[in-house]
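J.: Before I ask anything, here is the structure I am working with.
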Amino acid sequence: MIDVILNTIVSGILIGGFYAACAIGLSISFGMLRIPNIAHPGFIIAGGFLTYYFNKTFGLDPLLAGLLIIPIFFAFGFLLYRGYNRFFESKRDEREGQMSALVLFFGVLMIIEALLSVTFGVDFRTVTTPWSSIVLHFGSVGICLRMAVPFLCSVLMVCILYLYFSKTYLGLVIQAVAQDSMAATLIGSDPRFAKSIAFGISFSTAAYAGTLFVCLVPVEPSLGMQFLGRVFSIAILGGLGSPLGTAVAGLIVGITESLTTAYIGSSWTLAVSFILLLIIIAVKPTGLFRR
Amino acid sequence: MMKKVSFELIIPGIIVACIGLLIAKLVSGIYFFYVCYAILQMIALAAAWNILGGYTGYVNFGIGGFFAAGAYTSIVLLKYYEVNFLVAILAAGTVSGILGLLIGYLSIRVRGIYFSISTIAVSTILQMVVLNTPFLGGAKGFKIIRPPAFPPFSNYIEFLFLLILLISFFAVAVSRLIEKSWIGRSFLAIKDSEQAAETSGVATLKLKILATVVSCALMGIAGAPYPYFITLLEPYSAMGLTLGTYAFAAVFVGGRGCWFGPIIGAVLLGGLQQSVTVMISSEWNILVVGLVIIAFVLLAPNGVVGLLKGRKKPVLLKKKDRV
Amino acid sequence: MSMKRFGLMLIILVVVASFSMAGGKAEGQEGSDTEPIRIGASLALTGNLGSAGKSILLAWQICLEDWNAKGGVLGRPVELVYYDDHSNASEVPGLYTKLITVDKVDFIQSPYGTPAITAAMPIAMEHGMVYPGNAALAANKEFNYKYYFSFWPLGPRQVEGIADLFFEAAMSSGEKNLTVAILSEDNEYGARVSEGALESVKKYGLKVVYNDRYPPSPATVDFTPVVRAVQNTGADLFFVGSFPQGTISIIKACKEVGYKPKLFGGAMTGVAYAANLTELGPLLNGVCACCYYVPEPTIQFGNVEDFLETYQSRAAVEGVDPLGYYNPPWAYSSMDTLLKAIEATGSLDQTVVGDYILANGWDSVVGKGAWDPAGSGEIAESRGFLVQWRGIESNDLSEFMVPGKQVIIAPEEYQSGPMLWPSPLFED
Amino acid sequence: MNKLVVNNLKASYQSVQVLHDVSLTLHEGETVILLGTNGNGKSTVMKCIMGMLKSCSGEIYLERDGQRIDLLGKKTHDIVNMGITLVPEGRRLFPYLTVKENLVLGSYPHHARGDVDENLDYCYEIFPRLKERHRQISNTLSGGERQMLAIARSLMSKPEILLIDEASMGLAPVIVRDVMVQIGRLKDQRKLSILLTEQNFNQAIKIADRGYIIVHGSISYEGKNKDELMGNDLVKKIFLGIE
């Protein structure tokens, strides 16, 4: 009995880490930059497909391939923010702009889906590695590397981001810009540059989350649209803009879902993250960890 | 007020119904009615969305949920209890309105993206409830056989067309009524600054809840004839994000906070979607719709209405920089 | 500013112009002797069903090319008019109305999947069109349309019948007091499969110890908790009704948690797609699932091998499923049977052609047969069989193109080898 | 001899002209006060110097070793990198960062990064309260502490010219005195040139070398030294309430 609970919780933790990796980029772009990038899940899927491509064509290990595509996504995010700022953000009132931006990124999400289906076809794609079927046993708890490796990568990602945002000049500046853009110019920083970097980072996390995604389960181009709600609710649960908060929120959702599957019935799992979200909103609207 | 309602709703309503009947008599191609149905449904949803989102600034993302709530209510009543269609429509509106009340109370606590995601949450939980309730068809859904056409219609779709025409007219008329009354002005105040509105005596809470209830009820009403249009009502296609997001995008393409914006937007976007689907039979059609949406958002910040008015975009300083 | 407004007006103009073009396109073509015969359909080319939709499209195209190479039907070339319905059933009624009333196609083919096929059914009925179906579950149940012909190998009992195969195989082991776990995806397919399984289980007097559904992808990413819950019940037979993504993930999860039921599988779809087979590779060893074609010697359906050869050479180029074991032969047969009926009757009249197909049954690359006499529009006898994978050594596609590795264990008439009991799961 | 010169500065918000004609000079090592009551354009002058307001015209330049460097049209962060910093009205701290993080961010300009630790020590020395609270989130500080932090943060960038906008606003009189004393000390210890806008004449005059009075967007009086300022009729009328 206790074995089942333990194993269930461990599975929840492992998948929760992956959820965090998916949501963390959104937490940065929406929480820090106030850009409601609903195309984020689309970029995750794109990252997954690129990883798949590198893996299939050059036989690269997916985790390595994921590292290779990060610069591509970073540059893309960097430039995309420049364009967004130039043609959109600087021309709108902040709140009005955010509403239109939702529609703008909805358009972007559609374009991603179309381009992915044109380039890669609409089949389910996944990457299998020599390590993905290995299972380690710790007493009665079995941990499969297919789940554990993405979890570790996510943890690493969260740690790196946490250190980056609290220990480096540019990371602090990004936080500063998020909190008071005008004051940030007065310390000699260029908010536009800082935001471009942050958006690039957000995209890089999307890319790597995609890599982890394609290692975990098969993906197809229209998955982005369907994954949207959960990613957003985790980002909000964690308190937008806080890497550690997002990680904890991901774990909470993962564990709760896992326990629901085991003890209530798997047909209700989809509702878990949303019910948690509604509870949190009723109790503490700013999420769990907003300082 | 009563007089105003009769002038704005009933008389034009009768006129619209007559025009609808006339069209049904004159136009012979059935395809026309299918396209019109899809576009009119989008108009109804967009107008309904506009009441909350356009006037008060609360973005409801769960359109699909409220729409499907209406559709399910109507099909359950029609199939199991064999009620009158009008009763089914009213019941659909009531059920979605009650759900709207729930969302309305949510809006007391949160706004912005928090509110938007909560609406997705409510809509997803609804989907889960439907999936887990055999009475509501569960995952299998309802298969529906359309009743035979009855005079004066030569085809059942003509009847559905007239129905959705009246529904969309009703949705637009209600939003116009609200816009032109003191309620509309209070909504604008809420949109601009909720605190300021509150302090200057606007009962923001009641009004917000009113807006949410009306908006959601109209979405439910728009969903009522849908089961007969689609003939298979199942939770995944009825409650998906796509339907709602198009309606939402239509408001932005047309112009927010203005009663005829959603009409223009839905006709443009719905028409584009329909025509692109039949003109480009490949993945590229999604690409085209995506690009057009982006083009509109970038080039026409206030929608087509903004362009037509040719008004200069007001120069708004960011709040922090206001002196 | 003025440039922008100009640009926008231009876009609006293009959009409006495109409406009128869409309405006016391809009108007024009445059949003369050299005009092509036009077959219309909408298909899921994008969205979550895109994979199946695209392989069906290719099969149809091959069929039309074959006919046109032979000089066409009734001496006229055949042409396909198709639209993409984005895997969204609500677009289907409009598209079929357009195909029939505006494009004035001579015949129609159904879209892919139950929701879409059901959505177009009233339109087909209204216009009295012959309506060959491509992969729907009991789509005709409420409608009882005379000219609906389902080209799908499952027969009158539909997916519910797969459970019979599975439990029959389990019973043939001779072992008593077996316990059963049923897990299915939370969609129409899953619901039907689990209903069928419950019926079957009752019939054979087995005991159900677990019965649940899981939300479809991508809602469920990790299947280990649910598989562990099943494992915890210690069920001997694990019957699964899943869609492709679930199939892959459940098999992997079983291997990971070390759950080895005596028989595992059943109605897992997606095991006919090359991408999934190569993904799973040796993990498939010992798994049992319902298939409609495998290269075993006991399978002697029409000239399906010839078709698959053509299909496989084309699929590689077009980027669709390179194996074609699942939909394509049936999609080809659906089109082929329709065209044969036109040719045989020499008529473009729906009732004439429909009655002919009804009377003469189906006859094409997947062999021949009759229709369910009860009028469900399904084929008279199920053509599904249960396959047990064994001896798969690598993730290479060639593993699945040779006999002996996908052994048919039920029903008896197709059996190509003895069932291994208990199933040697995941053994290389 | 280095100096900051503002000449014939005009500025407007949308269509409302706020500054009509402002000229002032800040020499090296001086503390100059810009006096004026609310709404006369003091903050606008500061914003123009820092390049935060696009719609201004006239001349703003820095004279350094005889070379003239135009500031007008430059971006704010470039101006900060030249060694000019502003302590903005309302402090504008980063509310969810700690005191230390706020300070460290002050040294973001490249020329200041090498001396972070040294500067940090200096700030803690002159504002010991900040050292006590260096791990605290800055929006939990009291008003006086926030003002100290704001000043300290701008010192972290090793500025040559320090602009302080409304240092005394919203502070209790005792604390205003403390803050002014600290500003006075800064000038001596760090050889700063300081331009200070103030409404509180009594406190500001203690540390000022000379000053300007701004009324309705133009300079209406220039006092060459403390005494001139003290004795001026306008000052008496506006700030001391003596008719």
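J.: What is the distance in Å between the Cα centroid of the stretch C:316-384 and that of the stretch B:110-147?
T.: 37 Å
J.: Describe numerically, in nm with one decimal, the distance between label points set 7 Å from Cα along Cα→Cβ at A:PHE58 and at D:ASP227.
T.: A separation of 8.0 nm, rounded to one decimal place.
J.: Tell me the relative contact order for chain C as a rounded percent, counting alpha carbon contacts under 8 Å between residues six or more apart.
T.: Computed over chain C, the figure is 17 percent.
J.: Okay, moving on. Given a Förster distance of 25 angstrom, what is the FRET efficiency for A:LEU152 paired with A:LEU6, based on the Cβ-Cβ distance and rounded to 0.05?
T.: 0.85
J.: Now a separate question. I want to check the label-to-label distance for B:ASN132 and D:GLN17. Put each point 7 Å from Cα in the C-beta direction and report it in nm to one decimal.
T.: 7.0 nm
J.: Can you tell me the mean projection area, over all orientations, of the convex hull of the stretch B:100-247's alpha carbons? Units nm², please.
T.: 10.7 nm²
J.: For an R0 of 22 angstrom, estimate the FRET efficiency from the Cβ-Cβ distance between D:SER220 and D:GLU59 and round to the nearest 0.05.
T.: 0.65
J.: Determine the sum of side-chain charges near C:ARG192: Lys and Arg each +1, Asp and Glu each -1, restricted to other residues whose C-beta is under 9 angstrom from that of C:ARG192.
T.: Net charge around C:ARG192: -2.
J.: Once the Cα atoms of helix A:169-179 and of chain A are each reduced to a long axis, what angle between those two axes, in degrees from 0 to 90 to the nearest 10, is obtained?
T.: Taking Cα atoms only, the helix is inclined about 80 degrees.
J.: Something else: First select every other residue whose beta carbon is under 15 angstrom from the beta carbon of C:ALA169; then total the charges, Lys and Arg +1, Asp and Glu -1.
T.: -3
J.: Using DSSP, restrict attention to beta bridges with both residues in the protein assembly as shown and report what percent are antiparallel, rounded to the nearest 5.
T.: 45 percent
J.: Now for a separate question. Among the listed pairs B:LYS25/C:LYS98; A:LYS195/D:LYS187; B:LYS191/D:LYS42; C:LYS141/C:LYS176; B:LYS309/D:LYS47; B:LYS309/C:LYS98, give every one whose C-alpha distance is greater than 26 Å.
T.: A:LYS195/D:LYS187; B:LYS191/D:LYS42; C:LYS141/C:LYS176; B:LYS309/D:LYS47; B:LYS309/C:LYS98
J.: Something else: Can you work out the FRET efficiency for the pair C:LEU397 and C:GLU427, with r the C-beta to C-beta distance and R0 = 25 Å, to the nearest 0.05?
T.: 0.75
J.: Something else: At each listed q (0.05, 0.08, 0.09 Å⁻¹), what is the log10 of I(q)/I(0) that the Debye formula gives for the protein assembly as shown modelled as equal alpha-carbon point scatterers?
T.: -0.42, -0.96, -1.15
J.: Roughly how big is the A-B contact, given as buried accessible area in Å² (both sides, 1.4 Å probe, nearest 100)?
T.: The A and B chains share an interface burying roughly 4400 Å².
J.: At what distance in nm do the modelled label points of B:ALA295 and B:ILE15 sit from each other, each positioned 7 Å from its Cα along Cα→Cβ?
T.: 3.4 nm
J.: Still on this structure: Based solely on its DSSP helices, what 222 nm [θ] is calculated for the protein assembly as shown when runs of n ≥ 4 H residues each add -39,500 (n - 2.57) and the sum is averaged over all residues, nearest 500 deg cm²/dmol?
T.: So the calculated ellipticity at 222 nm is -17500 deg cm²/dmol.
J.: If you don't mind, there's one more thing I want to ask. Hey, how many Å between the Cα centroid of the stretch B:204-228 and the Cα centroid of the stretch A:157-201?
T.: The stretch B:204-228 and the stretch A:157-201 have Cα centres spaced 42 Å from each other.
J.: Of the DSSP beta bridges with both residues in chain C, give the percent that are antiparallel, rounding to the nearest 5.
T.: 30 percent
J.: Remind me, relative contact order of chain A in percent, using alpha carbon pairs under 8 angstrom and six or more residues apart?
T.: 39 percent
J.: Could you give the length gained on full extension between D:THR140 and D:VAL181, defined as 0.36 nm per residue of separation minus the Cα-Cα distance, in nm?
T.: Stretched out fully, the D:THR140 to D:VAL181 stretch lengthens by 12.3 nm.
J.: Given an 8 Å cut-off on Cα distances and at least 6 residues of separation, report the relative contact order of chain D as a percent.
T.: Averaging sequence separation for qualifying contacts and normalising by length gives 26 percent for chain D.
J.: Next up: What angle, in degrees between 0 and 90 and rounded to the nearest 10, separates the Cα long axis of helix C:2-24 from the longest principal axis of the Cα atoms of chain C?
T.: Between the helix axis and the principal axis of chain C, the angle is about 90 degrees.
J.: What does the net charge come to around C:PRO111 if you take all other residues with beta carbon closer than 12 Å to its beta carbon, with K and R at +1 and D and E at -1?
T.: That works out to -3.
J.: Ignoring ligands, DNA and RNA, please state the percent of accessible area on the stretch D:1-46 from carbon and sulfur, probe 1.4 Å.
T.: 44 percent
J.: Now for a different question. For the stretch A:1-15 and the stretch A:240-291, compute the distance between their C-alpha centroids and round to whole Å.
T.: 17 Å
J.: Continuing with this model, one more query. Under 18 Å from a point 7 Å along the Cα-to-Cβ line of A:VAL135: which residues of the stretch A:1-32 have their amide N that close?
T.: A:1-15
J.: Quick one: Karplus J couplings for the stretch A:236-248, per residue in order, coefficients 6.51, -1.76, 1.60, θ = phi - 60°, nearest Hz, x for Gly and Pro?
T.: 6, 3, x, x, 4, x, 10, x, 5, x, 4, 4, 5
J.: For helix B:85-109, what angle does its Cα long axis make with the longest principal axis of chain B, in degrees from 0 to 90 and rounded to 10?
T.: 30 degrees
J.: Let me ask something additional. Please say if the stretch A:113-177 is rounded, prolate or oblate, where rounded means a/c under 1.5 for a ≥ b ≥ c the square roots of the C-alpha gyration tensor eigenvalues, and otherwise the choice is prolate for a/b larger than b/c and oblate otherwise?
T.: Oblate, because a/c is 1.5 or more while a/b does not exceed b/c.
J.: Here's another thing I want to ask about it. Setting aside same-chain residues fewer than 8 positions from C:LYS70, which lysines have a Cα under 17 Å from its Cα?
T.: C:LYS340
J.: Could you tell me whether the stretch C:139-252 comes out rounded, prolate or oblate from its Cα gyration tensor? Rule is a ≥ b ≥ c as square roots of the eigenvalues, rounded for a/c under 1.5, then prolate if a/b exceeds b/c, otherwise oblate.
T.: Since a/c reaches 1.5 but b/c is at least a/b, the shape of the stretch C:139-252 is classed as oblate.
J.: Quick one: of the DSSP bridges fully inside the stretch C:40-188, what percent are antiparallel, nearest 5?
T.: Restricted to the stretch C:40-188, the bridges split so that about 10 percent are antiparallel.
J.: Set the bar at 19 Å for Cα to Cα. Now go through D:LYS75/D:LYS100; D:LYS206/D:LYS236; D:LYS3/D:LYS158; C:LYS203/C:LYS252; D:LYS100/D:LYS158 and name every pair that lies beyond it.
T.: Beyond 19 Å between Cα atoms: D:LYS75/D:LYS100; C:LYS203/C:LYS252.
The values are calculated or read from the model by the stated rules, or taken from the named source; none is laboratory data. In this text the structure is predicted, and so the values were computed from the model without any measurement. Heads up, the Cβs are rebuilt from the backbone with ideal geometry, glycines too, and the neighbour counts pull from every protein chain shown. To get the accessible areas, we keep the full protein, side chains included, count just its heavy atoms, and leave off ligands, DNA and RNA. Shrake-Rupley method; radii C 1.70, N 1.55, O 1.52, S 1.80 Å.
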